[in-house]
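The values are calculated or read from the model by the stated rules, or taken from the named source; none is laboratory data. Note that the structure is predicted; figures quoted are calculated from it, not measured. Backbone-built Cβ (ideal geometry, glycine too); neighbour counts: all protein chains shown.
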Amino acid sequence: MFRPRVKTETLITLATVAVLLLAWEAVTRLRLATEVLLPSPRTVWTCFLHIQADGYKDHSLLQHLGASLGRLGAAFGLVVATAIPLGLWSGCNSKVAAVLDPLVEFVRPLPPLAYYTLLVLWLGIENGSKITLLALAGFPPVFIACVAGVRRVKGDLLLCARTLGASRGQLFLHVVFPACLPDIFTGLRTALGVTYSTLVAAEMVAAITGIGWMVLDASKFLRSDVIFVGILLMGLTGILLDRILRILEDQMVPWRGKNR
Amino acid sequence: MSAAGSIQIESLHKHFAGPDGRIVQALDDIHLDIGRGEFVAIVGSSGCGKSTLLRMIAGLDLPSSGRILFDGEPVQGPDRLRGMVFQDPNLFPWLTVRQNIAFGPRMRGRARDTAAAVDALAALVGLGEFVDCWPYQLSGGMAQRTALARTLVNEPEVLLLDEPLGALDSFTRMAMQDEILRLWTELRPTAVMVTHDIDEAIHMSDRVVIMTPRPGRISQIIRVDLPRPRDRGSDAFLRLRARLLEVFHLAHRAQATPEYSL
């Protein structure tokens, strides 16, 4: 499906980005919007250089980025360590699913901010509550993908493995788990997006670091240029993280999307 | 391969609940003795229970009553000594051809000392150059050869074939028939093959078991006394084919008009 037949498509992508940048530049040159509503690319660039050199509010840009990515990474690790085993277990065992499914279905549509205050009260105002918030947001997509993955495993593949001498325990490790890997990666990529978009919410309360916090803090002072820098950085690191996941996926699931 | 591998099927019945909740009699009073090293083909139209019978010999399904003995012991579950090849090759897409073939030994913790056997078997089925390919890179015939090798590496005493060539084009199909016969002659497992192709049954087997549906019964067993290797165009072959077709049609007419049923 996604064969690297990229030549033309890459050019189209690059052209799209270029057109957007030019349009941005044109709108500001023609003074169709004030600097507060839409800072010019040059202003944003200068602001970026400034933040990069001097930091923002006592912390360097790398510290802000590092704080955000650290929280994200910890939450993501938590999701991998809990949602994958619980999801696979739930997919294999309908009684376990009866316990976990409704809970996940309940948490999944909740807006994270609704329960964030509770988490702060329970877990304190430090990183614990922030990481838990992100992990709670990332858990459902991975869990649901794992359950769906197990249910999609072809029955004949399991029978086949049995006739080849695999025990019931080996069926899980050597057939069910690898068969679910493509679904697990789909879930992980969705989860990455969800946790990332929860990041700003997580850094709203009592943070003094983080890209999300930087954007929120700048909002209070209507520093549009800083908001733009923050948003662009979040978007670009988001793409970068997704790329890393995709490379990992290509390494671990080279057969993905290819039938037989 | 081993000298053992006999199968006795005694008063076998199998019924299960159909989609509408009614009891479906899938197999009714099946008796069949299969000697070690014999090649038996089971033919019949769809719904006659031939695949159910094969799955029960494999141990993937248990009898409602009666029993299946494998070397004198009742079959109670799947066993690598009764290997099965399905119509769909069912290769593991996350394993290469070599890893697929090595699956059985790996499950027994014997991956290391069977590595040479795996490569030898891959070469034997003509996949020597393709051992590092992924299943999605294989043609239908190659995928089925891999499935065959994956089963044979377990040194099964009984080789169960569930329409293994049903999805192949007729040219590949005939080549694979001879391929399976060559392997069978060399390794001498007991072979039981389900097929809906009468030519295939005559070409390959020592005996052809004809089954009729609703309920699944054995209507007749015909011995194929043609010398091997067999010539698909010989007079003897064609005579036997005509006779089998006649039996087949009779059996089905009997089944289609209940007032004349057996």
Odd one out for B:Gln99, checked against (1) more than 10 Å from chain A (Cβ to nearest Cβ); (2) touching a Lys or Arg at 6+ places or on another chain (Cβ under 7 Å); (3) within 24 Å of A:Pro182 (Cα to Cα):
(2)
B:Leu148 being more than 14 Å from chain A (Cβ to nearest Cβ), surrounded by 24 or more Cβ atoms within 10 Å (Cβ to Cβ) and closer than 30 Å to A:Pro182 by Cα
no
Per-region count, segment A:241-260, residues over 16 Å from A:Ile184 (Cβ atoms), surrounded by 11 or more Cβ atoms within 10 Å (Cβ to Cβ) and at pLDDT 90 or above:
1
State all residues of segment A:23-34 that are part of a loop (DSSP other than H, G, I, E, B) and among the β-branched types (Val, Ile, Thr); if no residue qualifies, say none.
A:Thr34
Looking at A:Leu37, is it of a type in the set (A, V, I, L, M, F, W, C), over 23 Å from A:Ile184 (Cβ atoms), in contact (Cβ under 8 Å) with a residue 40 or more places away in the chain and not in a helix (DSSP H, G or I)?
yes
Within segment B:118-140, which residues are surrounded by 15 or more Cβ atoms within 10 Å (Cβ to Cβ), more than 14 Å from every other protein chain (Cβ to nearest Cβ), modelled with pLDDT of 90 or more and assigned to a helix (DSSP H, G or I)?
B:Asp119, B:Ala122
Taking the stated definitions as given, is B:Asp178 within 16 Å of the chain's Cα centre (by Cα), within 11 Å of chain A (Cβ to nearest Cβ) and of a type in the set (Asp, Glu)?
no
Determine the pairs where a residue that is in a helix (DSSP H, G or I), located within segment A:102-127, has a partner that is surrounded by 15 or more Cβ atoms within 10 Å (Cβ to Cβ) and polar (S, T, N, Q) with Cβ atoms under 8 Å apart, the partner being 6 or more residues away or on another chain.
A:Pro112/A:Thr198; A:Tyr116/A:Ser129; A:Leu119/A:Ser129; A:Leu119/A:Thr132; A:Val120/A:Ser129; A:Trp122/A:Ser129; A:Leu123/A:Ser129; A:Leu123/A:Thr132
Name the residue, out of B:Asp61, B:Asp88, that is assigned to a loop (DSSP other than H, G, I, E, B), over 15 Å from the mean Cα position of the chain (by Cα), within 14 Å of chain A (Cβ to nearest Cβ) and closer than 22 Å to A:Leu159 by Cα.
B:Asp61
Show me the strands (runs of 3 or more DSSP E) found entirely inside segment B:158-220 where at least 1 residues are aliphatic (A, V, I, L, M) and within 20 Å of B:Leu148 (Cβ to Cβ).
B:158-162, B:190-195
